[in-house]
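S.K.: For reference, the structure I am asking about is given below.
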Amino acid sequence: MKCLLRRMLDETEFLSEYGVRSLSRVHKDHPFVLEENGNRFVIEYSPSDSTTTEFGRNSNWRGQIWLPRNHMLIESLYEFSSLLWRL
């Protein structure tokens, strides 16, 4: 858990001033690229609208910070901490 929190709370990776990112900021400078059977797949950090036209340029991608993901993280950390206090 310490390793997970250390990475999640690192501002160069997941933590931002608005919440926890759903994709590491590391991918801004170092996109993940997979080439398979002549196809090229890229995961990159894009802090605004979608960069692909596959689902329409402005699909449901609204940037790195998603409120439901942050809410689930907070709730999970709360449950985990209450579990530790019961032990």
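Just so it is clear, none of the values below were taken in a lab; they were calculated from the coordinates. This structure is a prediction, so every number in the text was calculated from the model and none was measured. Ideal geometry is used to build each Cβ from the backbone, glycine not excepted, and the neighbour counts take in all protein chains shown.
S.K.: How far apart, in nm, are two points set 7 Å out from the Cα along the Cα-to-Cβ line at Asn39 and at Glu75?
M.R.: 3.3
S.K.: So how do 3-12, 34-43 stack up, highest first, on mean other-Cβ count within 10 Å?
M.R.: Numbers: 3-12: 10.6, 34-43: 8.2.
Top of the packing list down: 3-12, 34-43.
S.K.: I'd like to compare 25-32, 74-81: which one has the highest average count of other Cβ atoms within 10 Å, and what's the full order after that?
M.R.: Working: 25-32: 12.9, 74-81: 10.5.
Peptide ranking by packing, descending: 25-32, 74-81.
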